[in-house]
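Read the structure below first, then the notes.
The values are calculated or read from the model by the stated rules, or taken from the named source; none is laboratory data. This structure is a prediction, so every number in the text was calculated from the model and none was measured. Cβ sites come from the backbone with ideal geometry, for glycine too, and all protein chains shown count toward neighbours. With ligands, DNA and RNA removed, areas are computed over all heavy atoms of the protein, side chains included. Shrake-Rupley method; radii C 1.70, N 1.55, O 1.52, S 1.80 Å.
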Protein chains: 2
Amino acid sequence: MKFSLHQSIEILERTPVVLQNLLESLSAIWTSNNEGGETWSAYDVIGHLIHGEKTDWLTRAELILSDDVEKKFQPFDRFAQFENSKGKTLKQLLDDFKEVRNANIKRLKSLNITERDLEKTGVHPTFGEVILYQLLSTWVVHDLDHISQIARVLAKQYKNEVGPWIEFLKILKQ
Amino acid sequence: MKFSLHQSIEILERTPVVLQNLLESLSAIWTSNNEGGETWSAYDVIGHLIHGEKTDWLTRAELILSDDVEKKFQPFDRFAQFENSKGKTLKQLLDDFKEVRNANIKRLKSLNITERDLEKTGVHPTFGEVILYQLLSTWVVHDLDHISQIARVLAKQYKNEVGPWIEFLKILKQ
């Protein structure tokens, strides 16, 4: 499948609703536990997604499309949510994510990105030159990666309860 | 986390809504493609979930709670959906899944399962003796496994579009 802005937005606009339906009002034992050690809970992941909306995806896309000479991306802070989410309920985070995501989709649409724009480049702190359509594709896949992760984190809470079925449940072995 | 009927139903009742929000009205290019070879598309997975509702989870739970002497489970057909889904749109399948799942949750609640019932056993065609709480936990984890799988199948459609970011996206390597 080739990158399509329309088909990308189809996924991007669903993510907040999917996460709200999956997580809102769920018992905290599901949403505040992680996979052990330094891994993230569902609560942590939503904070991470909010930080991405505020500092990463669209900010970088706009830099690529700007007149800036260097177009060097700021490094992304993968741990910002541990500070930013403090004192917030999961419901607040889900609402915040929905709000920033919807605003970003509106801004994204207003950029009127052309096929030619999609080939423009910026400079990633690790990868060097990257292309706008790669950034936007990654935004979509990153959403799906975290939906998949949240399903896995929830599933693992029952790892010791499924008995012999663990053999058939790939998600518990990841 | 120990098995809890209440907390299990919290997840089971969300799954149809989550899948509807994730998949309904999405371009067919997202939902009818698979991960290559004999793997399943999102469309195939929904058919599989419907077949589970009709022949597997609750049917087996009711057999465990019945007066049947042997309590031997029928083997589950993992490929039934390829015949059963024929001619149906994804929207129809999502609606069908919601309907059978909601009916099953109603029946599950009406069984008034006690703590003692949860320890009762049946005979699985592969594993031999299994316990009711293991079966019900597996029902929950199985839902989450397929939510995670669908996110992965969608993500993989952009595998060639993300460029160097593939290195950071675990979901594309599974």
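A few points about this structure:
- Checklist (1) crowded, with 21+ Cβ neighbours inside 10 Å; (2) at pLDDT below 95; (3) under 27 Å from B:His146 (Cα atoms) applied to A:Lys173, failing item: (1)
- For the stretch A:14-22, the condition of being touching a Lys or Arg at 6+ places or on another chain (Cβ under 8 Å), more than 11 Å from chain B (Cβ to nearest Cβ) and open to solvent by less than 20 Å² (accessible area, probe 1.4 Å) holds for none of the residues.
- Residues that are over 30 Å from B:Glu119 (Cα atoms) and facing another protein chain (nearest Cβ under 7 Å) within the stretch A:145-164 comprise A:Asp145, A:Ile147, A:Ser148, listed in sequence order.
- Matching option when the condition is farther than 30 Å from B:Lys2 by Cβ, away from chain B (no Cβ under 14 Å) and loosely packed, with under 14 Cβ neighbours inside 10 Å, among A:Arg107, A:Arg78: A:Arg107
For (1) among the hydrophobic types (A, V, I, L, M, F, W, C); (2) under 20 Å from A:Lys156 (Cα atoms), each residue gets a yes or a no:
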site: A:Ile11; (1), (2): yes, no
site: A:Thr15; (1), (2): no, no
site: A:Asn33; (1), (2): no, yes
site: A:Ile50; (1), (2): yes, no
site: A:Thr59; (1), (2): no, no
site: A:Asp77; (1), (2): no, no
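- Residue in the stretch A:24-31 that is away from chain B (no Cβ under 11 Å) and either in contact with a Lys or Arg (Cβ under 7 Å, 6 or more places away or on another chain) or open to solvent by 30 Å² or more (accessible area, probe 1.4 Å) (or both) present: no
- One residue stands out among those in the stretch A:110-144 that are within 21 Å of A:Asp77 (Cβ to Cβ) and not in a helix (DSSP H, G or I): the one that is nearest to the other protein chains (Cβ to nearest Cβ), which is A:Phe127.
- Helices (runs of 4 or more DSSP H) within the stretch A:32-109 that include 2 or more residues of a type in the set (Ser, Thr, Tyr), out of contact with any helix residue (DSSP H, G or I) (no Cβ under 9 Å at 6 or more places or on another chain) and touching a residue at least 40 places away in the same chain (Cβ under 8 Å): none
- Of the residues in the stretch B:166-174, none is more than 8 Å from chain A (Cβ to nearest Cβ) and in contact (Cβ under 8 Å) with a residue 12 or more places away in the chain.
- In the stretch B:125-159, the residues that are open to solvent by 10 Å² or more (accessible area, probe 1.4 Å), farther than 22 Å from B:Gln7 by Cβ and in contact (Cβ under 8 Å) with a residue 12 or more places away in the chain: B:Pro125, B:Gln149, B:Arg152, B:Lys156, B:Gln157, B:Lys159
- Scanning the stretch A:145-170 for residues that are assigned to a helix (DSSP H, G or I) and of a type outside the set (A, V, I, L, M) turns up A:Asp145, A:His146, A:Ser148, A:Gln149, A:Arg152, A:Lys156, A:Gly163, A:Pro164, A:Trp165, A:Glu167, A:Phe168, A:Lys170.
- For the stretch B:37-60, the criterion of being under 23 Å from B:Pro125 (Cβ atoms) and in contact with a strand residue (DSSP E or B) (Cβ under 7 Å, 6 or more places away or on another chain) is met by at least one residue.
- Candidates A:Lys88, A:Lys98, A:Lys54, filtered to the one that is of a type in the set (Lys, Arg) and open to solvent by 80 Å² or more (accessible area, probe 1.4 Å): A:Lys54
- Any chance A:Lys71 is of a type in the set (Lys, Arg) and either at pLDDT below 95 or open to solvent by 60 Å² or more (accessible area, probe 1.4 Å) (or both): no
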